[in-house]
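For reference, the structure discussed in these notes is given below.
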Amino acid sequence: MSRMNARGDTDTGKITIDAMGMRDRDMNLLLRSKVSEGASRIKLVNVFGQRYIATNLSGQVEIEIKGTPGNDLGAFMDGPGIIVRGNAQDGCGNTMNSGTIVVHGRAGDIVGLSMRGGSMFIRDDIGYRGAIHMKAYGEKQPLLVVGGTADDFFGEYMAGGTAVLLGLTGRPHRMCFVGAGMHGGVIYIRGEVQPHQLGAGVAILQPDAQDMATIAEVVTAYVRHFGLPASDIMSTRFIKLSPVSTRPYGTLYTY
């Protein structure tokens, strides 16, 4: 069978696509075709950097990826669930509207860029500018959960939703400019960050009972995906980062 073809049982809705050597466009066209034909579970194997997987895809299909998807995985996605058995590159969940992305590895820069709904769970660390411009949209409240830590500018210009750093990979929270320009939403961090690591207009707060209930729910979801003991995670102190103004740079250019 040609690698350009899909194989599977269309009656059960289970399809496997071998992506070895396939161009981005060809693979995505085949993926969309199989979803339109009624596939409910699609396995993409031998994925090596193909970009835009599941971009603007809607429906309740589950996509399992074996390999390393390229930039903008799940961009504008509205409903599907994606499981990555490996790492993900930059722009994962870009402007995602709804659905779930679970990465059994690390992810690159600008994870959750302008994300406005759905949930993402990254098992390990992420790169720079994670959760940048994350926003709530109507009743949608996006969620980004990172098992490790992030590089600089995490939560930059964040306008809504929830971002969580669990600090489980042993890498300390050394990022700077956390929440720079943040004017909405909330960041929870397991462990500590110092005031000099924050962007202007962000405050470190002690989580209240409602915050801790939210954190416990997030941790439960994380361990459900990755199989770690929730009690160990919850035994370490969490802090809450919140904006102190809806216009953090409102006076920057005034005289």
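The values are calculated or read from the model by the stated rules, or taken from the named source; none is laboratory data. Here the structure is a predicted model, which means the values were calculated and not measured. Don't worry about glycine lacking a Cβ; one is built from the backbone with ideal geometry, like all the others, and counts go over all protein chains shown. For accessibility, only protein heavy atoms count, side chains too; no ligands or nucleic acids. Shrake-Rupley method; radii C 1.70, N 1.55, O 1.52, S 1.80 Å.
Structure notes:
- Residues of the stretch 109-134 that are among the hydroxyl-bearing types (Ser, Thr, Tyr) and in a loop (DSSP other than H, G, I, E, B): 114, 128.
- Test for residue 221: is it out of contact with any Pro (no Cβ under 6 Å at 6 or more places or on another chain) and free of Cβ contacts under 8 Å to residues at least 60 places away in the same chain: no
- Counting only strands (runs of 3 or more DSSP E) that sit completely within the stretch 141-255, those holding 1 or more residues that are within 17 Å of the chain's Cα centre (by Cα) and of a type outside the set (Lys, Arg) correspond to 143-146, 159-165, 184-190.
- Criterion: open to solvent by 20 Å² or more (accessible area, probe 1.4 Å), of a type in the set (A, V, I, L, M) and assigned to a strand (DSSP E or B) - qualifying residue of 101, 65, 42, 83: 83
- Given (1) closer than 18 Å to residue 133 by Cα; (2) hydrophobic (A, V, I, L, M, F, W, C); (3) in contact (Cβ under 8 Å) with a residue 24 or more places away in the chain; (4) open to solvent by 30 Å² or more (accessible area, probe 1.4 Å), index of the condition residue 48 fails: (1)
Residue by residue, here is whether (1) touching a helix residue (DSSP H, G or I) at 6+ places or on another chain (Cβ under 8 Å); (2) among the hydroxyl-bearing types (Ser, Thr, Tyr); (3) closer than 27 Å to residue 133 by Cβ holds:
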residue	(1), (2), (3)
195	no, no, yes
199	no, no, yes
205	no, no, yes
208	no, no, yes
211	no, no, yes
231	no, yes, no
238	yes, no, yes
249	no, yes, yes
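- Sub-8 Å Cβ pairs linking a first residue in the stretch 158-183 that is on the phi > 0 side of the Ramachandran plot to a second residue that is acidic (Asp, Glu) and at pLDDT 95 or above, at least 6 apart or interchain, are 177/152; 177/156; 179/156; 181/156, ordered by first then second residue.
- Output for the stretch 51-67, where each listed residue is without any contact (Cβ under 8 Å) to a residue 40 or more places away in the chain and small (Gly, Ala, Ser): 54, 58, 59
- Condition met for residue 106 (at pLDDT 95 or above, in a loop (DSSP other than H, G, I, E, B) and under 18 Å from residue 221 (Cα atoms)): yes
- Of all the residues in the stretch 135-168, those that are closer than 13 Å to residue 191 by Cβ and either modelled with pLDDT under 95 or open to solvent by 30 Å² or more (accessible area, probe 1.4 Å) (or both) number 1.
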